[in-house]
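For reference, the structure discussed in these notes is given below.
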Amino acid sequence: MVSASQSSLRLSNMAAPGRQVCQYIFKNNGILFPNLEQVLFHRNFVGISVFRQQPVEAKKRLFRANHRPQKESMKLYSLSQESGRSAAKYFVNSYPKFFTKHFAEPHIPCLMPGTVSLRLDEVSEEALKERISLRKVKAAIDVYDQLLQAGASVSMETIHDLLDLICLFCDRDPVQEHEIQTEDMESGAEVRKRKGKVRRASDLLTFTWREDNNAERIFNLLPERDTRCYSALIRGMVKHGAYVKAFSIYTDLLNNRLTGDIHIFNTLISAAPEVRDKYIDRWNLITEILNQMNQQKIQPNLQTFNCVLKALRRCGTLARTLALHTLSEMTALRIAPSLATFDHLLAIFYKAASAGQGNTDILQEVMSELAGKNLTSQDPGDVLFFTNAMRICLDYKDLELGYKIQNLVEVGENWRLLGDSYQQSIYYGRFFTLLCMMEHIDVVLKWYKELIPSLYYPNSQGLRELLQALDTDSRLDMLPSIWKDIRSLGHDNKPDLIEEVLTLMTREKHSPEVQESFATCALDIKNAFDGHTSRTNLEWSTPTLSHVTSLLLRSNKIQEAWEMLKLFKEKNRVPSDELLEDFLSVCRSKGSAQRAVELVELSAAFCLQATSRLAKLTLAKFELSEDQITILSELESAAEPAD
C-alpha cells in the first residue's frame, strides 16, 4: 500500500514534483497563495482590468449613502425581474393554449410559448429527436424501440442525446413541481441525511438507479459503443447512486480498448469516497484514476482538481497535506482556482479549526487574492463559497474579515454567486448575525434597513439576534419599532419571539414616553393573541400575561391592565404576588379604591397567600366605605393561615 506522503498526482506535463512545489510555497511566505498574481494572470474574470484593490474601511463605506442605495435598488430590481420572468415562463409553457395570438410587432419567438405537444406522429429519427428535445423520456424510448423493431438505423449522435436524456432523468420523465411520484423514490429521511436540510418538495424527488433500466438496455443493444455512450452511462450511475456499477462500466470501457473522456474521469473521482471505506484507500483510488488520465493523455481541467479536493473533504486527517499537494499541481499546470476550489480548501482546513487547532489565516489569504475582482461562475460549487466563508467569520467572530467578504459580494455582479434565494438567505443571515454580535448598534440598524427585507428575509432567530444587540447597547427604546417589523414580516405568531420582546420591555423602567410606546406595543401584542393580527392562534402563558399587564400598569392604563388580570382567570393562569402588589400601587396613586377591593377579591379567588397582605394594605392606604371595609376584613381573616 502506498502511503499518503508518497502518493502524488503523476500528471505528464507537471512542471515540478509536488513535494518541491509545496516546499517552494512555504518558503515564499505564503501558506497557499504566493505570487498568485503571476500564476493566476489568466483567471477568467469579467472586466477590462484585474488588479488588487485595498479594501475600503467598512464603517466609512456604510455611511456613503450616495452609492449604495442605487446599487441595492438595482439588485432588488434585478431579483424581481428574474422572478417575474420565471413566473411568466411557467404560465406560458404550462398553458400554451391560452397564448395563441401573435400581437407583438416585431414577433419575438423566444417570448412565445415553448412547444410542449408532439407534432410528429410517425416513427422516424426526426420524431425521436423531437421527443428528446422536449425531454419526454418515455416517449423517446418508445419511438427508439419502434425504430429498432422496424430495422431502421439511428445515427450515433441521436443515440448519444437519447442516452444523455435517460441517464440525466434516471429513466423517468422530468417531475414538475406540482407532480408527485413515489416509485423508486428515496425517502425524505434518506435525502435529508445525504444532502442536509430539505428545502423544497422537489428536493424529495430523488430517484435511485434501477437495475437493467432502459439506459442499460439500450446501451447493451448497441452494435458499437463509443466513449460518449460510456460517458453518459457512468455519469448517470454516479448521479443516481450506482457508484460501484459506474466503476464496473469503466472497466468494461477499458476492456473494449477505448479511452475515457474528461467527464468520465471527473465523475469517477467524485465517486471514489463512495466505494472505499478507508481514507488512504480513497486517496489511492483517486491517484489511480489520475494516473489513468495521464496514460490516456487526458488533460485535467479545473473541475478535475475541484473533484479531487471535494473527495479529499472525506479523507480525514490525510486531507490537509494532500490538499496542498493538489493545489501545487494546479499551479504547475497553470489552472486557476475557482471559488469552489477555495471553498473545498476552507472546508478541509476548517475541520481542524473547529477543533481549536486553526484560525482564519487561510481565508484571509483567499480574500486578499480575490479582493476587488469581478468573478464569474466556473464550477457549480462556486455558489457555496460566500456562504461557507461567512460561516467561518461568524464562528471566529471576525467582523473585519466578514466585511471583506461582503465587499467582494458587492463588486460588480458578484452577488449572483451567492446562489439561489435559499443560499442568499443563509449568507445574509450569517452576516447579519455577525453584525449583531460584534458591531455598534447604529451600524447594525443601518445594515438592517439596507438588507431587510429586500435582500434578507430574517427568521425568528435573526430577529432575536437583533433584539440582543439592542439590549447590549441599551437601545431598548427601539423595541416598538422592531415589533412593527416583526409583525409585517409575519413573525408575530412566534411565542418565543414575542416573549423575548416583552421580557426586554419589562425588565426595567424607562421614561414616561418610552413606557407609553411600550404600552402601545403591548396592546398590539395582545391583539395578536386575540387573533386580530396573527395568522395562527397563540396561547397565553403566565409570563406573557404578566409582562403585558406590567407594561400597561407602568403607563397607568388601569382599565386595560384590569382586563389582562381577568384573562389570568379565563386562561387558568395564576398572577404573581409582585404583579398584584404593583397593581395595588397604581390603584393607590390613582385613588381607585373600588379597583383595589376588586383586586383583593381576585387574589382570594386564586387562593393566593398574598391575599391577606393585600387586604391589610388596602385597609390601611385607601379611603373605603363601610361595605368595602367589611369585604376586606372578611377576606383578610379568611386568608390568614390557621394556627
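The values are calculated or read from the model by the stated rules, or taken from the named source; none is laboratory data. Since the structure is predicted, the reported quantities are computational estimates derived from the model, not experimental observations. Please note: Cβ atoms are built from the backbone with ideal geometry, for glycine as well, and neighbour counts cover all protein chains shown. All accessible areas refer to the heavy atoms of the entire protein, side chains included, with ligands and DNA or RNA removed. Shrake-Rupley method; radii C 1.70, N 1.55, O 1.52, S 1.80 Å.
Scanning region 399-420 for residues that are among the β-branched types (V, I, T) and out of contact with any helix residue (DSSP H, G or I) (no Cβ under 7 Å at 6 or more places or on another chain) gives a single hit, V411. Scanning region 159-172 for residues that are surrounded by fewer than 18 Cβ atoms within 10 Å (Cβ to Cβ) and in contact with an Asp or Glu (Cβ under 9 Å, 6 or more places away or on another chain) yields a total of 1. Taking each residue of region 601-621 that is open to solvent by 80 Å² or more (accessible area, probe 1.4 Å) and looking for partners that are among the hydrophobic types (A, V, I, L, M, F, W, C) and part of a helix (DSSP H, G or I) with beta-carbon atoms closer than 9 Å, six or more apart or interchain, yields C607/A639; Q609/A639; R613/A639; K616/L632; K621/L584; K621/A596.
Taken over region 132-142, the criterion of being buried (at least 17 other Cβ atoms within 10 Å of the Cβ) and either among the basic types (K, R) or over 42 Å from the mean Cα position of the chain (by Cα) (or both) is satisfied by K136 alone. Count of region 422-431 residues, restricted to those that are open to solvent by 20 Å² or more (accessible area, probe 1.4 Å) and either touching a Leu at 6+ places or on another chain (Cβ under 8 Å) or without any contact (Cβ under 8 Å) to a residue 60 or more places away in the chain (or both), is 5.
Applying the criterion of being part of a helix (DSSP H, G or I) and of a type in the set (S, T, N, Q) to the residues of region 622-631, the residue that is surrounded by the fewest Cβ atoms within 10 Å (Cβ to Cβ) is T630. Before we move on, is L451 free of Cβ contacts under 8 Å to residues at least 60 places away in the same chain and in contact with a Cys (Cβ under 8 Å, 6 or more places away or on another chain)? Spelling it out, it is not the case that L451 is free of Cβ contacts under 8 Å to residues at least 60 places away in the same chain and in contact with a Cys (Cβ under 8 Å, 6 or more places away or on another chain). Only one entry in G356, G372, G316 is open to solvent by less than 30 Å² (accessible area, probe 1.4 Å) and at pLDDT below 95, namely G372. Looking across R282, R235, one residue alone is of a type in the set (K, R), open to solvent by less than 40 Å² (accessible area, probe 1.4 Å) and touching a residue at least 24 places away in the same chain (Cβ under 8 Å). It is R282.
Here N294 fulfils each of the conditions (1) open to solvent by 40 Å² or more (accessible area, probe 1.4 Å); (2) closer than 21 Å to A340 by Cβ; (3) in contact (Cβ under 8 Å) with a residue 40 or more places away in the chain apart from (2). For the condition within 16 Å of T542 (Cα to Cα), out of contact with any Asp or Glu (no Cβ under 8 Å at 6 or more places or on another chain), among the aliphatic types (A, V, I, L, M) and not in a loop (DSSP other than H, G, I, E, B), L599 does not qualify. On inspection, L479 does not qualify as among the aliphatic types (A, V, I, L, M) and more than 22 Å from M564 (Cα to Cα). Within region 563-597, the residues that satisfy the criterion of being polar (S, T, N, Q) and farther than 15 Å from C607 by Cα are S585, S589, S592, Q594. When L451, L445, L434 are checked against the criterion of being surrounded by 21 or more Cβ atoms within 10 Å (Cβ to Cβ) and more than 14 Å from the chain's Cα centre (by Cα), a single residue qualifies: L434. Within region 209-221, residues that are over 15 Å from K138 (Cα atoms) reach no partner that is acidic (D, E) and modelled with pLDDT of 95 or more with beta carbons closer than 6 Å at six or more positions or on different chains. In region 376-421, which residues are open to solvent by 30 Å² or more (accessible area, probe 1.4 Å), acidic (D, E) and in a helix (DSSP H, G or I)? Within region 376-421, D395, E400 qualify. Restricting attention to region 456-495 and to residues that are of a type in the set (F, W, Y) and farther than 20 Å from L551 by Cβ, the residue that is least open to solvent (accessible area, probe 1.4 Å) turns out to be Y456. Here region 246-261 is the region considered, the condition is being open to solvent by less than 50 Å² (accessible area, probe 1.4 Å) and touching a residue at least 24 places away in the same chain (Cβ under 8 Å), and the residue that is farthest from D171 (Cα to Cα) is L258.
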